[in-house]
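Enquirer: To start, I am sharing the structure in question, which I have written as structure tokens.
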Amino acid sequence: MALVPMRLLLDHALKNKYAVGAYNVNNMEQIQAIMAAARETRTPVIVQASRGALKYSNFIYLKKLMEAAAIDNPDIPIAMHLDHGNSLDTCKKAIELGFTSVMIDGSLKEDSKTPTTYEENLDVTLSVIEYARPLGVTVEAELGTLGGIEDGVGSGQVHLNDPDQAVKFVRKTKVDALAVAIGTSHGAYKFKAGQAQEIRLDILREIERRIPGFPIVLHGSSSIPEEAVAQINRYGGRLKDSAGIPEAQLREAARSAVCKINIDSDGRLVMTAKIREIFALKPEEFDPRKYLGPAREALLAMYIRKNREVLGSAGRAPEIIAALDAERS
Ligand SMILES: [Zn+2]
């Protein structure tokens, strides 16, 4: 099994100018789709669980599913990552569960809604690094405020990063990776349909220029595929029209210092679209495998596409595994 600290994947991505997909998981079908796509495209992958997902699965079930993914795929380097940890205690708990990486989102208070001051963010981030680093666990922090709300995380406000502050924060904390607010947004309702969305690549470039070789993370980077939203609404759903982050922009970001791109909503939409379609077209069906199975297939196709066409991470797993083997022997 190749469970690795996330930093190892980020460094490889940074050096080779691609980004690793960080895909959120809640259940078995999602994990299986992510891993099947990783096998098919020979891609390193970050499987991440939010606090909400861990709670939903009573912690142990999701932990064991993530471990199963690693055992079942010895040729795929995997990081097990906590998404949006809200306190040192939450991060400790994830590390005790065997996570190889944690995010401490010190941009918000423990309620995950109220923005913090820079000093408060600095303090909680340092406390997590002090605990995690001796254990070889990667730490991701966040600075600035993303728009949108997902899984109860988000203030609903937007506050883009100030490059000066980002540089200061990274130097002071020596954190492994930093999530920045440069125009991406959490959730399925990021922007109104038709509204042009731009990631602020200028802010990104400025941060990259000032702290070269440092891994940047983009949250809220689903593209909200129109066809999935249309499919949901065609079969009885009622989603508002919405727009996400154009994949062309993600592709460009992936070639820069951005080495982890978080994608959650796209998976939720694709899965729901397929299940709704089956419920509508085969109302006699009641075997969960007959709708969760096809939903898993639809997810698989989406993850393959992301790895190959958006992130540039396809084909990178063998080099990482070879380097790990060389180190061990
Ligand atoms: Zn996030």
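Enquirer: Going by what's in this entry, would L135 be described as under 20 Å from the mean Cα position of the chain (by Cα), surrounded by fewer than 23 Cβ atoms within 10 Å (Cβ to Cβ), closer than 26 Å to L324 by Cβ and not small (G, A, S)?
Expert: In short, no.
Enquirer: So, in segment 89-128, exactly how many residues are over 22 Å from M66 (Cα atoms), in contact with a helix residue (DSSP H, G or I) (Cβ under 7 Å, 6 or more places away or on another chain) and not aromatic (F, W, Y)?
Expert: Of the residues in that region, 8 qualify.
Enquirer: When you scan segment 65-86, do you find a residue that is in contact with a Cys (Cβ under 9 Å, 6 or more places away or on another chain) and small (G, A, S), even just one?
Expert: Yes.
Enquirer: Still on this structure: List the residue pairs whose Cβ atoms are under 8 Å apart, where the first residue sits in segment 183-211 and is more than 16 Å from I245 (Cα to Cα), the second is modelled with pLDDT under 85, and the two are 6 or more positions apart or on different chains.
Expert: I203/L160; I203/N161; I207/N161
Enquirer: Does segment 266-305 hold any residues that are more than 16 Å from the chain's Cα centre (by Cα) and either aromatic (F, W, Y) or not in a helix (DSSP H, G or I) (or both), and which are they?
Expert: F279, K282, P283, E284, E285, F286, D287, Y291, listed by residue number.
Enquirer: Same structure, new question: Mind listing whichever residues of segment 102-116 are away from the ligand (no atom under 14 Å from the Cβ) and not in a loop (DSSP other than H, G, I, E, B)?
Expert: Across segment 102-116, the qualifying residue is only P115.
Enquirer: Just to be sure, is M1 at pLDDT below 95 and either out of contact with any strand residue (DSSP E or B) (no Cβ under 6 Å at 6 or more places or on another chain) or surrounded by 20 or more Cβ atoms within 10 Å (Cβ to Cβ) (or both)?
Expert: Yes; evaluated as a whole, the condition is true for this residue.
Enquirer: Additional query: Would you please name the residue that is nearest to the ligand (Cβ to nearest atom), looking only at residues in segment 138-151 that are under 16 Å from the mean Cα position of the chain (by Cα) and outside any strand (DSSP E or B)?
Expert: Here the answer is L146.
Enquirer: Go through (1) touching a Ser or Thr at 6+ places or on another chain (Cβ under 9 Å); (2) closer than 30 Å to L8 by Cβ for E206 and report which single condition fails.
Expert: E206 satisfies every listed condition except (1).
Enquirer: Let me ask another. In segment 159-265, which strands (runs of 3 or more DSSP E) lie fully inside it and hold 1 or more residues that are within 16 Å of the ligand (Cβ to nearest atom) and polar (S, T, N, Q)? Before the answer, list the steps.
Expert: Values: elements: 177-180, 216-218, 258-263.
Those strands (runs of 3 or more DSSP E) span 258-263.
Enquirer: Another one. Please find, among I278, I304, the residue that is in contact with a Pro (Cβ under 8 Å, 6 or more places away or on another chain) and either within 22 Å of D11 (Cβ to Cβ) or touching a residue at least 12 places away in the same chain (Cβ under 8 Å) (or both). Spell out the reasoning first.
Expert: Numbers: I304 fails: in contact with a Pro (Cβ under 8 Å, 6 or more places away or on another chain).
Of the residues listed, the single one that is in contact with a Pro (Cβ under 8 Å, 6 or more places away or on another chain) and either within 22 Å of D11 (Cβ to Cβ) or touching a residue at least 12 places away in the same chain (Cβ under 8 Å) (or both) is I278.
Enquirer: Looking for something surrounded by 16 or more Cβ atoms within 10 Å (Cβ to Cβ) and more than 16 Å from the ligand (Cβ to nearest atom) - is there at least one such residue anywhere in segment 280-290? Working first, answer last.
Expert: First pass over segment 280-290, keeping only residues surrounded by 16 or more Cβ atoms within 10 Å (Cβ to Cβ): none.
No: segment 280-290 contains no residue that is surrounded by 16 or more Cβ atoms within 10 Å (Cβ to Cβ) and more than 16 Å from the ligand (Cβ to nearest atom).
Enquirer: How about segment 58-69: which of its residues are small (G, A, S) and crowded, with 19+ Cβ neighbours inside 10 Å?
Expert: At the first step, the residues of segment 58-69 found to be small (G, A, S) are 68-69.
Scanning segment 58-69 gives a single hit, A69.
The values are calculated or read from the model by the stated rules, or taken from the named source; none is laboratory data. Keep in mind it's a predicted model, so treat the numbers as computed, not measured. Cβ sites come from the backbone with ideal geometry, for glycine too, and all protein chains shown count toward neighbours.
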